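Beneath this line is the structure, given in structure tokens, with notes to follow.
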Amino acid sequence: MYLYNSLSKKVEEFVPHTPGKVAMYTCGPTVYHFAHIGNLRSYIMEDVLEKTLRYNGFDVKRVMNITDVGHLSSDADSGEDKMLKGAKREHKSVMEIAKYYTDAFMSDCAKLNIKTPDVVEPATNCIPEFIHMIEVLLEKGYAYKAGENIYFDTSKLESYYVFGNQSSDDLKIGARDDVTEDTNKRNKNDFVLWFTKSKFEDQALKWDSPWGVGYPGWHIECSCIGMKHLGEYMDIHCGGVDNMFPHHTNEIAQSEAFSGHKWCKYWFHVHHLNDETGKMSKSKGEFLTVSLLEEKGYDPIAYRFFTLLSHYRKPLTFSYDALDQATATYKKLKNKILLVPEEGEVDEKAVEEWHGKFAETVGNDVNTSMGITLLYDVLKTDLNGNTKRAIVDDFDYVLSLDLLKADEEAKGGEEDELTAYVEAKIEERKQAKKAKDFEKADAIRNELLSKGIVIEDTREGVKWKRQ
Ligand SMILES: [Zn+2]
């Protein structure tokens, strides 16, 4: 398998630390609000990555954190805690907000056929681990106490800007309205590991620590939760491209300072979903969520299909027109598959051959659109129906587009082909019954049933509906 690595800025052959096994980490959501579909693009692509690794024979363990404390409204340790902001907005406690939006996130993921990672750990579960890592960083001289907070000292590292491209001006203090300069920092990009005294006096969740009652900074959680479940060597770390700096840069700084060796080999970053005016965000324009798409009559899986049509390393522009187009293409594709007759013995050799082709295609830096093209190629072959179905089913492990599931079709138009097919089958069955070939009549009924179509003999004739 080949993957683009944000560290080397090259497509590299993927070789995990332990042969055959993959330690994979995903930065999870900050659960103070619904995820917008731009955030979810990243989670869809990371899901495809995980499934592609498994499809290629790797044994994957994937871990994701849930940020339920310590993420301030600016990624650079200033502004208000996002969780507290959510709680105030909705007149609920921070824990209620965390529970509500964690459930909402999981439900969105389920609707998009995103597999739940093997481990999902809320930050508030790991306070002792955070404290331990911070103690070690202090002992090793990578951290300091100032103004009663604990900071990471970025000047102690040989190279802090591991992803390149960032000048030290990147983090312009005061560039945002809600950012005020933290005069405790020795270097501009130093970041908070533990807050005890700060301007956020009304922080809801606080814990005892060797430095006083307080709460952890945001970046420390991913380093600790990653190491807790995957050990000191990580193979792939994923996230949205906007996490590269400062979040991932800081994760690397503290993890490698802590362990004394290189931490994670491959960094996988998914690019933005833009709307027609630029980068999508919660605060700007229409707040696009999975629920909103559903309210407007879209199938969440059609949104998944839309994202798979383009490469994860390119920005993708969302519009309802583009989603309409993708939805139509998706429905046509599903109807095409639904019309593949269930006949013939599965040609296992052909299934294996196409498995290899698909593994290589999608395994080439998660090329999902080429994977979908391959699907059309399969349908064009003269393989028998059951073999085609077996191959489609095999590809769908990675694509997760419910390609063989009939029931979703009820939504919207594009039904003519299916109706024509069902009516032809009903006529065929009528003729079979007339000829007293009840075995054939039953077989037709069962064939329709296997596609989710129920037929009923009524006084007015044969009626059909979806299950
Ligand atoms: Zn993270």
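Values in this text are rule-based calculations from the coordinates and carry no lab data. The structure presented is a predicted model; accordingly, all values stated were derived computationally and were not measured. Virtual Cβ from ideal backbone geometry, glycine too; neighbours counted across all protein chains shown.
Name the shape class, rounded, prolate or oblate, that the alpha-carbon gyration tensor gives for region 2-270, where a ≥ b ≥ c are the square roots of its eigenvalues, rounded holds for a/c under 1.5, and otherwise prolate holds if a/b is larger than b/c and oblate otherwise.
Values: a/c = 1.63, a/b = 1.21, b/c = 1.34.
Note, shape of region 2-270 comes out oblate.
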*asked:* Given an 8 Å cut-off on Cα distances and at least 6 residues of separation, report the relative contact order of region 278-410 as a percent.
replied: 28 percent
_Compactness of the chain, expressed as Rg and Dmax over alpha-carbon positions, Å_ = 26.2, 92
*Going by alpha carbons, how many degrees (0 to 90, nearest 10) lie between the helix axis of 127-139 and the longest principal axis of the chain?*
40 degrees
*With a ≥ b ≥ c the root eigenvalues of the C-alpha gyration tensor of region 218-357, is it rounded (a/c under 1.5), prolate (a/b larger than b/c) or oblate?*
oblate
*Taking all pairs of different Cα atoms in region 416-466, averaging 1/r and flipping that mean, what Kirkwood radius in angstroms comes out?*
11.0 Å
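Any idea what the relative contact order of the chain is, in percent, if you count C-alpha pairs under 8 Å spaced at least 6 apart? It would help to have the intermediate numbers written out before the result.
Numbers: 699 pairs, mean separation 80.4, N = 467.
Normalised by residue count, the contact order of the chain is 17 percent.
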*On a C-alpha basis, how far is the centre of region 378-396 from the centre of region 283-329 in Å? Whole number, if you could?*
27 Å
_Sequence-distant lysines (8 or more away, or on other chains) whose Cα lies within less than 20 Å of K61_ = K21, K51, K115, K228, K262, K265
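Which order do the peptides 259-269, 453-463 come out in when sorted by mean C-beta neighbours inside 10 angstrom, highest first? Mind showing how you got there, number by number?
Numbers: 259-269: 18.0, 453-463: 11.4.
Packing order, densest peptide first, comes out as 259-269, 453-463.
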_Degrees between helix 94-111 axis and first principal axis of the chain (Cα, 0 to 90, nearest 10)_ = 30 degrees
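Express the Stokes-Einstein translational diffusion coefficient of region 204-288 in µm² s⁻¹, to the nearest whole number, given a Kirkwood radius over alpha-carbon pairs, 10 °C and a viscosity of 1.306 mPa s. Intermediate values should be presented prior to the final figure.
Numbers: Rh = 15.2 Å.
Translational D for this selection: 104 µm²/s.
How long are the three semi-axes of the equivalent ellipsoid for region 347-454, computed from the Cα gyration tensor as the root of 5 times each eigenvalue, in whole Å, largest first?
On the way: eigenvalues 217, 56, 22 Å².
Those come to 33, 17, 11 Å.
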_Using the Cα centre of the chain as origin and beta-carbon charges of +1 (Lys, Arg) and -1 (Asp, Glu), tell me which of V270, Y330, A420 is placed farthest towards the positive end of the dipole._
A420
*Roughly speaking, what is the centre-to-centre gap between region 34-112 and region 120-147 when only Cα atoms are used, to the nearest Å?*
22 Å
*In what sequence do T277, T67 fall when counting other Cβ within 10 Å, fewest first?*
T277, T67
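Per DSSP helix of 4 or more residues, -39500 (n - 2.57); summed, then divided by the residues of the chain. What does that give at 222 nm, rounded to the nearest 500?
Numbers: 14 runs with 191 residues, N = 467.
Mean residue ellipticity, 222 nm, calculated: -13000 deg cm²/dmol.
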*Considering only T52, I455, F258, whose Cα is most displaced toward the positive end of the charge dipole of the chain, charges sitting on Cβ of Lys, Arg (+1) and Asp, Glu (-1)?*
I455
*What size of dipole, in debye to the nearest 20, comes out for the chain about its Cα centre when the only charges are +1 on Lys and Arg C-beta atoms and -1 on Asp and Glu C-beta atoms?*
260 debye
